[in-house]
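Just below is one structure, and these are the notes that go with it.
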Amino acid sequence: MKMNNYLKAACLIMMIHLPVSNGFCLRRHQHLVTRLLFFRKQGKLPFTSSSLRSQEKRSSGENGSADTNGDSSLEQYRNENNVRDQVFSAISGDGSVKVTACTARNLLNDMMLAHTMTATPADALGRTLVCALMMSNGMQDEQTLQITMNSDGPIRGIVAISNSLGEVRGYVGSPMLGDMALNEAVGLGAVQIVKNHPSWPNPYNGITSIRHGDIDRDIGAYLAESEQRSCALAAATSINGILCTAAGGYLVEQLPGADSETLEQISKNLATLVEKDGGDTLPTNLLGAGVSPLEIAEILLDGLDMKPLQQIEPKFTCKCNSDRLIRALRLLSPADVDEILEKEEKIEARCEFCGKVYSMSEDEVRKEMANAKGDPAKDEDFNPQ
């Protein structure tokens, strides 16, 4: 007998052993993908016939549920057919749950073109970029977040850097990798998250192991284990040949003060999202069908009096310039620089993020190094334009 999507979602429930007082976790099961790290006391969710009927009533606007489809105050956040890239965030009326949803199809298509990426590396980079955009949402001004997947697979690592403005960049070690499963391409290794701010004496650095190789589950496990955050995270892409048709995800965060009723409502809303998407790369079916980040947030915060926080348009932003090349050379010994110039007669370097090639003759290198000031090992002495 064929199970419906609600029962499939219920079958995903499993407990995770973390030093947190209460919890539940929905994980991948066959062809459903849901990454949740919310926490409650029992290891069961109330997927009963009565609760499902109540959920259907709420979705249709009964029982006093807010219908935001006609709310003119939300017009500025609407994104018909996901024409533009967008990161949208909202919070529940009681301030106990935050939802961030993202669509980044245009961004990933641009990066696929810039890096000449094939489907599997593009999928890996797209998921990592989406996670970085959602995790950096709401950070301090000038603060940055870097995700590095230090893996032993043929993809040879993934890097994504983002800030609160949605300025993002990233790369994979092997952009032209052939067709293979994502987890095989990534392999095993470590997830490393670095958060930094110019005013901090030292960056925050966290690390956990790569267990799955599908990016978002590994980053979700990092958030639960390293940062002790209760959250639901999903990020995925849909790539057809050399074209990305959908890329995005959502991040649901439990904030202080969340009660059991709120968490129960969130679990039901997540089951609804699984049913509406109906695919194995949640939420790309929804995004591909034109469901916007605002509408994803409305589903996830249904019945919880959603309040919009902000929207940003993510964009690729590279910080590379010739000064960085000189700084890197100044970190080498004079003998090493002389050896390179003697052998190559020039210095040439390619930016991993944007692909721009910098080439300087021997005379240019020596002139720039002679005029350079400050300590190249200190960030405060190096201020790129």
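The values are calculated or read from the model by the stated rules, or taken from the named source; none is laboratory data. Quick caveat: nothing in here was measured; it's all calculated off a predicted structure. Don't worry about glycine lacking a Cβ; one is built from the backbone with ideal geometry, like all the others, and counts go over all protein chains shown. Surface accessibility is based on the protein's heavy atoms, side chains included, excluding ligands, DNA and RNA. Shrake-Rupley method; radii C 1.70, N 1.55, O 1.52, S 1.80 Å.
Take the eigenvalues of the Cα gyration tensor for the stretch 284-385, scale each by 5, and report the square roots as semi-axes in whole Å, largest first.
They are 48, 17, 10 Å, listed from largest to smallest.
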Backbone N within the stretch 348-367 under 20 Å of label point (7 Å from I242 Cα along the Cβ vector):
354-356
Using 7 Å Cα-to-Cβ label points, what is the S260/N150 separation (nm, one decimal)?
4.3 nm
Show log10 I(q)/I(0) for the stretch 64-169 at q = 0.11, 0.15, 0.18, 0.24 Å⁻¹, two decimals, from a solvent-free Debye sum over equal Cα scatterers.
-0.44, -0.75, -0.98, -1.36
With every protein chain left in place, what is the accessible area of M369 in Å² (1.4 Å probe, nearest 10)?
60 Å²
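Gain in length, M139 to Q310, computed as 0.36 nm per residue apart minus the alpha-carbon separation, to one decimal in nm?
Stretched fully, the M139-Q310 segment lengthens by 60.3 nm.
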What is the distance in Å between the Cα centres of the stretch 318-363 and the stretch 172-187?
29 Å
Sorted from largest down, what three extents in whole angstroms do the Cα atoms of the stretch 165-311 have along their principal axes?
45, 45, 29
In sequence order, calculated HN-Hα J values of the stretch 253-259 (Karplus, 6.51, -1.76, 1.60; Hz; x Gly/Pro)
10, 7, 9, x, x, 6, 9
Kirkwood Rh in Å, taken over all unlike Cα pairs in the stretch 292-347:
16.3 Å
Rounded to the nearest 10 Å², what accessible area does V337 have for a 1.4 Å probe in the complete protein model?
10 Å²
Debye intensity ratio I(q)/I(0), log10, the stretch 256-322, q values 0.20 Å⁻¹ (C-alpha model)
-0.91
Accessible surface of R105 in the full protein assembly, 1.4 angstrom probe, to the nearest 10 Å²?
50 Å²
Cβ-Cβ cut-off under 12 Å around A185, Lys and Arg +1, Asp and Glu -1: the net charge is -3
If I model a spin label at N202 and E344 as a point 7 Å from the Cα along the Cα→Cβ vector, what separation in nanometres do I get?
3.4 nm
Treating only the Cα positions of the stretch 203-275 as identical point scatterers, give the base-10 log of I(q)/I(0) from the Debye formula at each q in 0.14, 0.21, 0.24 Å⁻¹.
-0.61, -1.06, -1.16
